[in-house]
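The values are calculated or read from the model by the stated rules, or taken from the named source; none is laboratory data. The structure presented is a predicted model; accordingly, all values stated were derived computationally and were not measured. As a convention, Cβ positions derive from the backbone with ideal geometry for all residues, glycine included, and neighbour counts pool all protein chains shown. Please note that ligands, DNA and RNA were not included when accessible areas were found on the heavy atoms of the full protein model with its side chains. Shrake-Rupley method; radii C 1.70, N 1.55, O 1.52, S 1.80 Å.
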Amino acid sequence: MTSQAMIAEASHRVAVRDARLIVGHVLAEAGFGPSRDRQRVLTWPQVQLCRQLIRRRSQGWPLAYLRRRAAFWDMELTVSPSVLCPRPESELLLELSEQIVLKPGAWAVDVGTGSGALAIGLSRLHPNWQVVGTDRSRPALEIARENGERLAPAVHWWWGDLLTPVRMRHLQMSLVVANLPYVGRGQAVDQEVHREPPDAVWSGADGLSHLRRLIAQAAETLAPGGQLLLEVGAGQAKAVAALAAAVLQATASVHSDLAGHPRVVVLRKSA
Ligand SMILES: C[S@@+](CC[C@H](N)C(=O)[O-])C[C@H]1O[C@@H](n2cnc3c(N)ncnc32)[C@H](O)[C@@H]1O
């Protein structure tokens, strides 16, 4: 069977773009570079693998899991079903970090690092900061470490609940960045989100359980004058800013993503 025939067969079950990417992925795994050769003949194991991946895609598995990689910022990250597929809107956290000036050697942490996307991005943008990625999921931290070895070897990877690994080391952070779970129980999400780790998505009844706890922990772990950059869901920015004002005496600004949705709350703790 040729790659064109495979794509035609697959297009009855999945979008043509997805079929192309899956066939391209199977060929790339076999050592073929990006090819426009529609007449390339697939081996029988390649046909079987394509069919298996196309079936999983039609069952709602994210393409990133099937190809085991996701594009984020200027990187290609390894992903697996143990980690959230990094989203383009989270790149706003890295964009905002570009405006932050810290002393060389200052500590910055990405809490709930998943694939390591934000910690690795921070380390590459700010090579003179000490960057940490933390997660409570050991399988996620393994993926982050693997990505880190390839893309940002200086990042420290610490296991534990929110900022606990930082507190245990008696450190204070100048910057805390977090894209933690923020979907409330019962909220409707896309079919693909149900394939992602529940611990990466859901956060109590109103979606704010993790952010509430993180802000409380930052009272101790964030250095005076330090900043928190938090990704939030729809309708959460005001509540998060109010919480931080009460707990950290922090000033807040809200930043929208490219689609115009309020997406990141920047908090500065009083000095
Ligand atoms: C929404 S995902 C974000 C992953 C990554 N930061 C990104 O932007 O692609 C949230 C991550 O937080 C982790 N997590 C959930 N609860 C946690 C906790 N209590 N302490 C540390 N990490 C936690 C999950 O395992 C998951 O990797």
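Observations on the model:
- Residue list for the stretch 104-129, filter: outside any helix (DSSP H, G or I) and in contact (Cβ under 8 Å) with a residue 60 or more places away in the chain: Ala106, Trp107, Ala108, Val109, Asp110, Val111, Gly112, Gly114
- Applying the set (1) more than 13 Å from the ligand (Cβ to nearest atom); (2) over 15 Å from Val264 (Cβ atoms) to Asn147 leaves exactly one unmet item: (1).
- Cross-chain or 6+ apart pairs with Cβ under 7 Å, the stretch 79-92 first and part of a loop (DSSP other than H, G, I, E, B), then β-branched (Val, Ile, Thr) and more than 8 Å from the ligand (Cβ to nearest atom): Val79/Ile143; Ser80/Ile143; Ser82/Ile143; Val83/Ile143; Cys85/Val79
- Some residue of the stretch 170-180 being open to solvent by 80 Å² or more (accessible area, probe 1.4 Å), touching a residue at least 12 places away in the same chain (Cβ under 8 Å) and either in the same structural domain as Ala244 (by TED's automatic domain parsing) or within 19 Å of Val79 (Cβ to Cβ) (or both): yes
- Condition check for Ala216 on (1) without any contact (Cβ under 8 Å) to a residue 24 or more places away in the chain; (2) within 14 Å of the ligand (Cβ to nearest atom); (3) surrounded by fewer than 16 Cβ atoms within 10 Å (Cβ to Cβ): one failure, at (1).
- Of all residues in the stretch 155-191, those that are charged (D, E, K, R), touching a helix residue (DSSP H, G or I) at 6+ places or on another chain (Cβ under 9 Å) and more than 9 Å from the ligand (Cβ to nearest atom) total 1.
Residue by residue, here is whether (1) within 14 Å of the ligand (Cβ to nearest atom); (2) open to solvent by less than 30 Å² (accessible area, probe 1.4 Å); (3) of a type in the set (Lys, Arg); (4) touching a Phe, Trp or Tyr at 6+ places or on another chain (Cβ under 7 Å) holds:
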site: Glu196; (1), (2), (3), (4): yes, yes, no, no
site: Ser203; (1), (2), (3), (4): yes, yes, no, yes
site: Arg212; (1), (2), (3), (4): yes, no, yes, no
site: Thr221; (1), (2), (3), (4): yes, yes, no, no
site: Pro224; (1), (2), (3), (4): no, no, no, no
site: Ala259; (1), (2), (3), (4): no, no, no, no
